[in-house]
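Only one structure is covered here, and it is reproduced in the block below.
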Amino acid sequence: MVRVFHVTAETRLDDDDYPAYTMGRAAELIGATPAFLRALGEARLITPLRSEGGHRRYSRHQLRIAARARDLVGQGTPVEAACRIVILEDQLEEALRVNEELRNI
């Protein structure tokens, strides 16, 4: 039996990776500027999807990452360093998770 999954507006809103937010709205939600979000893209911390018209669109997951970087920048960390810190923290968290899984085998 083949199941067909219909994507609705409701399922998209529940999807943490759905690019629902425009640059302006995303910046407003995290308390930053569009230029800050562009800088995060240039530093390759987050890569927003593009709409058919070429506009950047952000997911909730990306906004959480951007907010972490914004907090570090707010404490005086340069943008490039804040991006690297967030990346390294995520890598460490993943390595610890994998290590724990391997211990439980």
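Worth a mention:
- Of the accessible area of region 38-105, computed with a 1.4 Å probe over protein heavy atoms only, carbon and sulfur atoms account for 52 percent.
- Taking every C-alpha pair closer than 8 Å and separated by at least 6 residues, the mean separation divided by the residue count of the chain gives a relative contact order of 24 percent.
- In this simple spin-label approximation, Asp71 and Glu100 carry label points 7 Å from Cα along the Cα→Cβ vector, and these lie 1.8 nm apart.
- Net charge in the neighbourhood of Asp71 (other residues with Cβ under 14 Å of its Cβ; Lys, Arg +1, Asp, Glu -1) is +2.
- Span-like helix criteria (full DSSP H runs; alpha carbon extent of at least 27 Å along the helix axis; mean Kyte-Doolittle hydropathy of at least -0.5) are satisfied in the chain by 79-103.
- Heavy atoms of the protein chains alone define the surface here; on that basis the chain has 73 Å² accessible area per residue at 1.4 Å probe size.
- Inter-label distance, nm, simple model (7 Å from Cα along the C-beta direction), Arg64/Asp90: 1.1 nm
- Radius of gyration over Kirkwood radius for region 28-94, both on Cα atoms: the Rg/Rh ratio is 0.97.
The values are calculated or read from the model by the stated rules, or taken from the named source; none is laboratory data. Note that the coordinates shown come from a computational prediction; the quantities given were computed from them, not determined experimentally. Positions of Cβ are generated from backbone atoms using ideal geometry, with glycine treated the same way; all protein chains shown enter the neighbour counts. All accessible areas refer to the heavy atoms of the entire protein, side chains included, with ligands and DNA or RNA removed. Shrake-Rupley method; radii C 1.70, N 1.55, O 1.52, S 1.80 Å.
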